[in-house]
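Structure record follows, encoded as structure tokens.
The values are calculated or read from the model by the stated rules, or taken from the named source; none is laboratory data. None of these values were measured; they are calculated from a predicted model. Positions of Cβ are backbone-derived with ideal geometry, glycine not excepted, and every protein chain shown enters the neighbour counts.
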Amino acid sequence: MTTKHWLNLGVVGLLALFVWGAGRWLDEYQVRLLNNVAVFITLAVSYNLINGVCGQLHLGPNAFITLGAYTAALLTMTPAEKAANFLITPLYWPLSQISLPFPLALLAGGLVAAGAGFLTGFPVFRVRGDYLAIVTLGFGEVVRVLANNLQGLTNGPLGLKGLYPCTNLWWSWGVAVATVALITALVNSGYGRALKAIRDDETAARAMGLNTFRHLLLAYILSAFFFGVGGGLLAHLITTISPSLFTFFLTFNLLIIIVVGGLGSTTGAVLAAAFFTLAGEWLRVVEEPLEVLGLHIPGIPGMRMVLFSLLLLLVIIYFRGGLLGRREFTWAGLTRFCSRMGRHDAS
Amino acid sequence: MMLLETRNLGHSFGGLLALENLHLQVPEGALYGLIGPNGAGKTTIFNLLSGFLKPTQGDILFHGAKITGLPPEQITLLGIARTFQNIRLFGELTVLDNVLVGCQGRGRASWWQAALRFPVYLREEREYLARSRALLEEVGLAGAADDIAGQLPYGHQRRLEITRALATRPKLLLLDEPAAGLNPQETQDLMDFLRTIHREYHLTILVIEHNLRLVMGLCQHLTVLDHGLTIAAGPPAEVRRHPRVIRAYLGK
Ligand SMILES: Nc1ncnc2c1ncn2[C@@H]1O[C@H](COP(=O)(O)OP(=O)(O)O)[C@@H](O)[C@H]1O
Ligand SMILES: [Mg+2]
């Protein structure tokens, strides 16, 4: 093990300590916020893999999140809960009888999403650019429509209620850490180098003997897997899911996060995911009626989204590469930074 | 034994016949030139040979085996590497990374072995790194190894693109107007460079070139094209006297 590994381990240890402390001393609302932060870190980092590192404008994460959420939810619910939910059309057998522990259900959610990634990957990567964006966007819509209409599987627009809130800080942050660790390790490997080469010039990458289809498909499936797991976590955090929760709007939020963070930067995705989740809460104020200097401002629902979109515009105009560009946090970088600061102090 | 052969090769874009009846015979170890005015179909030939276009007619043989219609990445792995008329580097990667990408096409380690830093992956990476550094040293780009490829001076970008192609371990190297945009001194350096790699790496080189002087001095064989048709083929001394070449290409 090198110093770098020990430092990484140290950070994970600190995080574990933090999670432990948070579970003990923070109130329910704050814990919920931290759970949200972790889930969005998982989703954003996965999205950044395909969208930022590979440079493919994939607009369908909401499809995979839906698949993961429904799969995991249907697997953790007890047969009695399922019977209580599916009043109009009963749930198909054998799903109606199965009940699995949460971790297995999460894994299943990830695998179902990855399977969907494998199947859709073939048509998706027949095209590139705007066409790829449209195909993936369409896939997101297809899944939403299916979720609305496959009553015997999803309970339609009514959705699934009363899920057991299995998602706690250990699960959400554990998955976030695992996702960041795996994706960072992959991006910093020769495989990641190939993905970046494909982003820069796919034709040249093929001329180098790289099977670009297989590389892209892999990144797409891997991101789908983590979208699925994230969806499962989200479902057991909110405890009530319905198709209206997973519209393109969710994808758009993730897109804002990774663009503002800096397309291609995992560090940026992590920071922006945390920032947006927290800011989204704090900005709830602007959607409620306000008294400012005796002036009454009625609450405007959706105002937060307007502000976020404005922020997105500003970032795109003034910081084209996002806040971090393609820079990443590294220990070596930190050392360099500190020594530079030290020299400044000395002089 | 011919390393590369095309039989009756042709390609049309929609209705436009860009190339017709090309019978190319490139012997092993040759420095072979393709010349012809703009729009003659030279780049189209390279796109056919490297698999980026599927011929609408005819066949391509490499080492006597048909490779017609194979995808570009497979053709590269068989031993045909190319450069592009408009340089196509991985502009945001470093010079070293560009060459490393060239090395890794035949890699066996899978993605999870890479992510988990398995020995099989680490061994491959060490080998690529050693090979890339050695290549950069040989072509005189070692000092720029950590520079961003897209920010190199133009002449160095050309050289890097060739180096990256060499990293794929080709037997046949296709160079599309390597001297385009270079000044006379850089062109002279390039010629020397091409002769060196031709010798050192036991390469067969097929080069498209506008600069007649360069190509006459460099190549033992030439094929001259005009409007998709082969109008002459042979050693430079013969070709330059050919009346159709003088008429079509030299415009005299
Ligand atoms: N992708 C393409 N689609 C349509 N026409 C093309 C395409 N590529 C080349 N052409 C046409 O084919 C002919 C030969 O082009 P090219 O091979 O690039 O010529 P050269 O490299 O000799 O200058 C030209 O008339 C060109 O316009
Ligand atoms: Mg050309």
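Scanning segment B:172-188 for residues that are within 15 Å of B:TYR154 (Cβ to Cβ) and either within 16 Å of ligand 1 (Cβ to nearest atom) or crowded, with 16+ Cβ neighbours inside 10 Å (or both) yields B:GLU177, B:PRO178, B:ALA179, B:ALA180, B:GLY181, B:LEU182, B:GLU186, B:THR187.
Only one of the numbered conditions (1) in contact with a helix residue (DSSP H, G or I) (Cβ under 9 Å, 6 or more places away or on another chain); (2) more than 14 Å from every other protein chain (Cβ to nearest Cβ); (3) surrounded by fewer than 18 Cβ atoms within 10 Å (Cβ to Cβ) is violated by A:ALA178, and that is (2). Selection of segment A:136-156 for residues being surrounded by fewer than 20 Cβ atoms within 10 Å (Cβ to Cβ) and on the phi > 0 side of the Ramachandran plot yields only A:GLY156.
Only residues that are touching a residue at least 40 places away in the same chain (Cβ under 8 Å) and either facing chain A (nearest Cβ under 9 Å) or within 16 Å of ligand 2 (Cβ to nearest atom) (or both) were counted in segment B:78-96, giving 12.
Having 2 or more residues that are farther than 19 Å from B:LEU93 by Cβ is the bar; report the helices (runs of 4 or more DSSP H) wholly within segment A:149-249 that clear it. Fully inside segment A:149-249 and qualifying: A:151-154, A:169-187, A:212-238. Looking across B:ARG164, B:ARG169, one residue alone is at positive phi, modelled with pLDDT of 95 or more, away from ligand 1 (no atom under 16 Å from the Cβ) and within 14 Å of chain A (Cβ to nearest Cβ). It is B:ARG169.
Table: residues versus (1) within 23 Å of the chain's Cα centre (by Cα); (2) among the aromatic types (Phe, Trp, Tyr); (3) closer than 15 Å to A:ASN188 by Cβ.
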site	(1), (2), (3)
B:PHE84	yes, yes, no
B:GLN113	no, no, yes
B:LEU136	yes, no, no
B:GLY140	yes, no, no
B:ALA144	yes, no, no
B:GLY150	yes, no, no
B:ALA167	yes, no, no
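If the condition is being more than 10 Å from ligand 2 (Cβ to nearest atom) and at pLDDT 95 or above, then segment B:34-56 contributes B:LEU48, B:LEU49, B:SER50, B:GLY51, B:PHE52, B:LEU53, B:LYS54, B:PRO55, B:THR56.
Within segment B:196-215, at least one residue is modelled with pLDDT of 90 or more, among the β-branched types (Val, Ile, Thr) and farther than 22 Å from B:SER50 by Cα. Selection of first residues in segment B:186-213 that are of a type in the set (Asp, Glu) and of second residues that are within 16 Å of ligand 2 (Cβ to nearest atom) and in a strand (DSSP E or B), restricted to Cβ pairs under 7 Å at least 6 apart or on distinct chains, gives the following pairs, ordered by first then second residue: B:GLU209/B:GLY33; B:GLU209/B:ILE35. All of B:ALA134, B:ALA142, B:ALA81, B:ALA114 fail the test of being modelled with pLDDT of 95 or more, out of contact with any helix residue (DSSP H, G or I) (no Cβ under 6 Å at 6 or more places or on another chain) and of a type in the set (A, V, I, L, M, F, W, C), apart from B:ALA134.
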